[in-house]
1. Suppose all protein chains stay in the model; what accessible area per residue would a 1.4 Å probe give for the chain, in Å²?
2. Full-extension gain between residue 111 and residue 184, please, as 0.36 nm times their residue separation minus the C-alpha to C-alpha distance.
3. Rolling a 1.4 angstrom probe over the protein chains, ignoring ligands and nucleic acids, what is the accessible area of residue 57 in square angstrom, nearest 10?
4. Could you check how many percent of all C-alpha pairs in segment 245-372 are farther apart than 24 Å?
5. Charges only on Cβ, +1 for Lys and Arg, -1 for Asp and Glu: so what's the dipole of segment 255-372 about the Cα centre, in debye to the nearest 20?
6. For segment 113-222, evaluate the Debye formula with one uniform point scatterer on each Cα (no solvent term) and list log10 I(q)/I(0) at q = 0.10, 0.23 Å⁻¹, rounded to two decimals.
7. Only loop residues by DSSP count here, and only those with at most 13 other Cβ atoms within 10 Å; note down the chymotrypsin sites (Phe, Trp or Tyr not before Pro) in segment 115-204 that meet that.
8. Which whole number of Å³ per residue matches the convex hull of the alpha-carbon atoms in the chain?
Amino acid sequence: MDLLVNGGLFGIFLLVLILPFRVKQVEHNLEVFLFACGVVALTIAGFMTIPGETTGWSLAIIEEALLAPLKITTVFGIPVGIVQIVLIVGLLIYWLHHRLESAIFSMVDRFPLQAIVFCLIVVLGLVSSIISAILAAIILVEIVNALPVVKKAKVEIAVVACFSIGLGAGLTPLGEPLTTIVISNLSGAPFNAGFTFLFDNLAIYIVPAVIALGFVGVVLLKKGHTGDTKPEGITERESPREIVIRAGRVYLFIMALIFLGEGFKPLILEYIICIPSAGLYWINIVSAVLDNATLAAAEISPALSLSQIVSALMGLLISGGMLIPGNIPNIIAACKLGITSREWAEVGIPLGLVLMTVFFIILFVPGWLGIV
């Protein structure tokens, strides 16, 4: 039975990985597809018994899926979540549309476009650990949407910036759910992780990477996508109905990722966490299609060495930018800018593989050569 369960879960994983690029209907209804896959995965996982672990459906996972999109934290006792932020900020942008449009166009007139793109990628990447990856992504899409460049350039800028935001958010527990879970898991001995633990151990890798991504964005912009195509600025202002629908899509997307993460728990616990750190680094590329917070919760524990923790986290943070489901900023940017799975992958997969290779060399090769 365990073999059948694992085989079924692996089959669902392949469907999640392949169908959005092969079937138009899946690509255009990605949230519904991922939700359905999550429901099936969670149902199949219920047929496996793992000592000390709950698999399959439970009231706890249903409650988490329903409430997680609506509550990240509370402000004066009021729950604040991804959906409310997307909805409220979307409505504010709707009401302030013309002022924002004028401000962005004025910025474009005063400063070189390349400088704007560089600062956009680097600044949002670095501040995402403080203002949260969600808010950084919302700011990103509004500015990118107004830039006087063609759609292909907007896609490239958005994907590179989401890599930057996803990495930068890894510097503090405020950035994203993954970092909150990591600090919680490591709060006891021997690490006694506090607010600055991630910054102290990851900043040396993340800050240069964010700056490098700024230059990548500039290079892609300089390649130019003007040709015979007229550059596009802000098109039409979204209607309140469209804003509400987008918030609903984000809600469904988050639920789908929670179901998928919990559904794939048998694969994670049985196979993934047993892999040596160098292999785990590459296996964590699955966070391109899975909730990286779920993987972090399963992988990161005080039993690991600091080098294992750093390498596992870097693998999760980098690969999260490769495909749309990999990170919350990706989901927000794709929904707002109308980026398809194929368009995202054409930029995200090559960039992610290059980053993964570079950091694999940085993290592992010196130790193998006896340099450190």
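1. 45
2. Taking 0.36 nm per residue and subtracting the Cα distance, the gain is 22.0 nm.
3. Counting only protein heavy atoms, residue 57 exposes about 110 Å² to solvent.
4. Of all Cα-Cα pairs in segment 245-372, 32 percent lie more than 24 Å apart.
5. Working: 3 positive and 6 negative charges, 25 e Å.
Using Cβ point charges on Lys, Arg, Asp and Glu, segment 255-372 gives about 120 debye.
6. -0.30, -1.12
7. 195
8. Output value, Cα hull per residue: 152 Å³.
The values are calculated or read from the model by the stated rules, or taken from the named source; none is laboratory data. Since this is a predicted model, take the numbers as computed values, not measurements. Note: ideal-geometry Cβ built from the backbone for every residue, glycine included; neighbour counts use all protein chains shown. These area figures cover heavy atoms from the full protein model, side chains too; ligands, DNA and RNA do not enter into them. Shrake-Rupley method; radii C 1.70, N 1.55, O 1.52, S 1.80 Å.
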